[in-house]
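Derivation of every value follows stated rules applied to the coordinates shown; laboratory data play no part. No experiment lies behind these values; they were computed from the predicted model shown. Glycine gets a Cβ as well: all are built from the backbone with ideal geometry, and neighbour counts include every protein chain shown.
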Amino acid sequence: MKGFYWALATTVLWGIAPIFEKMAIDRTSPLLLLTVRAVLLASVLLTITLVSGKGHQLLALDGSTILLIALGALFGALLGLYTYFTALKLGEASRVIPIAASYLLVTTILAILFLGEKITVSKIIGAALIVGGILLLR
C-alpha cells in the first residue's frame, strides 16, 4: 500500500512539473532546457549521494548495471525528454502531456514481451482506454 501513496505523490509532482517546463520552453530551446535540467539534477543528485555516504556505491557498480542505466538514460532522459520538450514547445500542454504520459502502454507491451509479465483483462482494457484517449486528443 505504501507504493500506492508514493505513486500518487509522483502523479501530483509530475502534473506540476510540465506547467513550469511549458513556461520555460517558450523562452528557450528544447536542447538548452534539457541541458540546464540535466546539469542541475546531476549536481544535486551527486551532492546528495556523497553527503549520504553512498558515493562508494557508485564505484561498486558493475559494467552490465552501468550499461542498463545508460540505456535507460539514453531512451528516457536524453531522447525521450528531448522529444517531449520539442512537443511541449510546439503544442498545447493539455494535449502533449496526456499523450506523452501514455508511454505506459509501450512499457506494458515491452514488459509482457521481455520481462515475462502476464497479460490480464485489466491490462487489455487499460491499453484500449489509453489508445482511445490518444485518439481523442489528436
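A few comments on the model shown:
- Residues of type lysines that Lys118 reaches as a straight line, Cα spacing below 24 Å, ignoring anything fewer than 8 places off in the same chain: Lys2
- With neighbour counts taken as other beta-carbon atoms within 10 Å, the residues Glu92, Glu21 rank, fewest first, as Glu92, Glu21.
- Approximate spin-label separation Ala127-Leu31, in nm, with each point projected 7 Å along Cα-to-Cβ: 3.7 nm
- Using the Cβ of Lys22 as centre and a radius below 10 Å, the other residues enclosed give a net charge of -2, where K and R count +1 and D and E count -1.
- Rg and Dmax [Cα atoms of the chain; Å; Rg one decimal, Dmax integer]: 17.6, 49
- Partner lysines for Lys89 [C-alpha distance under 26 Å; skip if fewer than 8 residues away on the same chain]: Lys22
- Fewest-first ranking of Met23, Met1, using other Cβ atoms within 10 Å as the exposure measure: Met1, Met23
- Difference of contour (0.36 nm per residue) and Cα-Cα distance, Phe4 to Ile19: 3.0 nm
- Close amide-amide hydrogen proximity is noted between Glu117 and Ile112, each under 5 Å apart and 5 or more residues distant or on a separate chain (H modeled in the peptide plane; Pro and chain starts excluded).
- Length-normalised contact order for the chain - Cα pairs under 8 Å, 6+ apart - percent: 29 percent
- Most mobile of Ala101, Ala17, Ala38 in a GNM of the chain (Cα contacts under 10 Å): Ala17
- Neighbour-count order for Ser29, Ser122, Ser102, fewest beta carbons within 10 angstrom listed first: Ser122, Ser29, Ser102
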